[in-house]
C-alpha cells in the first residue's frame, strides 16, 4: 500500500500572529509605500492598464500619468477608451478637463491606488484595531465588514488589508470606495513602490524634471465649469433619491434558502443612472442575476453636493422571497444535515456519556511513511482532550471549563492538525452561511446519499480544491468528505452507545492514498487525571476554524 506525502499539501495552515500592535503595522506598511505624502521626492509616474487573463474580455485598458511636486501641487492625466481627464491641483485651486461624462470607478480606483494604496488611512486603522486576523501562506490578513441596510434588512460586504510578513509591505486591500493589489516592489528614494497595482503596470517612475511654465496652472482658461467628483454615500441616504420601480419577480430556485437578503456595491453617475454593479452577495446565489438586472435598471435623482451633481458610490440591499420549481425535490437545510450527521456518528456531539477513543494512522510524513497515534478523551463539552502523535511531532487541543488550549511541536504538526480534522470533519454550526451550500442527490460506493457542497463545481462535476463537500446516507451517517482537494472516505461503522462510529477513514488525493486511520478502541475512560485537560502556558483563543472542537 502506497501512502502519498500528505504533509506536502497540508502547508496551508499557519499560526495566528501576535496582535500586539496591528494598527501600527498597517500604518507603517502604508507609509512605506505611499507616494502622495509629504517628504516624497517629486516624481513623474506613468502606468499602463491591461486586462489580466481573468478579465481579458472586460475592455478595461488605459493609462494613468502623474507629475507630482507635493500632495497639494500635481497634475494627473487618466485615459481609457470611453473617458479622458486632465486634473491639476495647485494649493486650494483645482482645474479639470474631461472628455466623457462618466469617470469609470475602476479607473479612478487604480489611479488612486498607484500613489495612495490605503486612502483614508485613519478610518482603516480603526477597523484594523477590531478586525479578525488570520495568517495564511506568509501573509497576515485583517478583515472586517462594510455593513449596509435598506432601512429594514442589513447585510455586510467583506473589507480587508493584507500584509506580506517577510517584507512588511502591503499585499492587497479594499473597503468602501477603494481597492488595490500590490506586487513587484522597487525602491524610489526610500519609498517601496509597487510596480504592479491591480491590472496596472508602472512603466515609468523617475524624478520630476523639466516641467514647463504653466504646467501646474490650476487657474487657466478652458477648464470644465463642473469638475467630476465621486463621493461615498450611505444606502439609506441614497435611497431617498431612488425613483419608483416595478416589483422584482424572483425566479424559482432549486437549491438554497427561499428567503433571504442580498447586497451589492453600485456606482451612480451625475445623471442618477447606475453605471457599475459589483458582485451580488446573496443568501441564495441563484437569484443573483435577477437582482443584477433589477438593480442595473434602477434610476435616481442626481445626488448634489453644494448644489452640484456628483458621482456616487453606494450600496443596494434588499430582501428576496421565492419558491421551488414545480415538481422538484425539496431538501432540508445544510444545517439539518450537519446536525443529524454529528449526532449519528460522533459521540461528542450527543453529549451522552464519557468515552476514550484511540486510533492508529499511517501517513507519508517528512521522514517517510510512518505510524502515528490519535487519542480523544471526552468527559463533557467543557472537558476534553484530543491529541495526535507521530515521530517527534505532536498536536494537542483541549478544553477545561472556560479555558481552551492548543499545543504543537515537530515538523509534522500541521499534518497532525489535519488528523483531528479528519476524525471530526463536520463544521461547527456557528461558522457557515446557509446560502453558501448546495444540496443534491448522489451516491458513494453504490450507497444513495445526499451531497452538501460549498464552492465551485465544474460542468463536468470536478470540484475545485477550495470546495468543501459532505455526503450523508439516508440515516444521516457521514460517508465521505471533500476538503482541500482531499477525499476522506469513512467505513466499517460500529455501534458505541447507540452511535455508529466509523472505524476506518481513508484519505486520498487524485486517487492516491495519503493516510489511513483505524479506530482501535472505544471505551469508558478510567483513571483519568483531571490535569490531562490543561496544557500549562498554551491557552488558545478560537479564530478562523470551523472545527467543532
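The values are calculated or read from the model by the stated rules, or taken from the named source; none is laboratory data. Not measured: the values here are computed from a predicted model. Using ideal geometry, Cβ is built from the backbone for each residue, glycine included, and neighbour counts are taken over all protein chains shown.
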- In the list 447, 443, which residue meets the criterion of being under 34 Å from the mean Cα position of the chain (by Cα) and either surrounded by fewer than 18 Cβ atoms within 10 Å (Cβ to Cβ) or not assigned by TED's automatic domain parsing to the domain that holds residue 400 (or both)? 443
- Message: Can you find a residue that is part of a helix (DSSP H, G or I), out of contact with any helix residue (DSSP H, G or I) (no Cβ under 8 Å at 6 or more places or on another chain), modelled with pLDDT of 95 or more and not assigned by TED's automatic domain parsing to the domain that holds residue 310 anywhere in the range 45-68?
- Response: no
- Task: With the condition kept exactly as written, say whether any residue in the range 282-297 is assigned to a strand (DSSP E or B) and outside the structural domain of residue 395 (by TED's automatic domain parsing).
- Result: yes
- Those residues that are crowded, with 17+ Cβ neighbours inside 10 Å and in a loop (DSSP other than H, G, I, E, B), I need them from the range 224-247; list them, please. 228, 233, 241
- Message: Please list, ordered by residue number, the strands (runs of 3 or more DSSP E) wholly in the range 117-196 having 2 or more residues that are over 17 Å from residue 28 (Cα atoms) and touching a residue at least 24 places away in the same chain (Cβ under 8 Å).
- Response: 132-136, 139-149, 154-164, 178-188
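Condition first: in contact with a strand residue (DSSP E or B) (Cβ under 6 Å, 6 or more places away or on another chain) and outside any loop (DSSP other than H, G, I, E, B). Now tell me which residues in the range 322-343 satisfy that.
334, 337, 341, listed by residue number.
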- Task: Looking only at the range 83-103, decide whether some residue is within 31 Å of the chain's Cα centre (by Cα), modelled with pLDDT of 95 or more and in a loop (DSSP other than H, G, I, E, B).
- Result: yes
- Matching residues in the range 405-440 - criterion: being in a loop (DSSP other than H, G, I, E, B) and either crowded, with 17+ Cβ neighbours inside 10 Å or without any contact (Cβ under 8 Å) to a residue 40 or more places away in the chain (or both): 410, 412, 424, 425, 426, 427, 430, 437
- Residue count, the range 277-296, condition farther than 18 Å from residue 252 by Cβ, surrounded by fewer than 17 Cβ atoms within 10 Å (Cβ to Cβ) and modelled with pLDDT of 95 or more, comes to 1
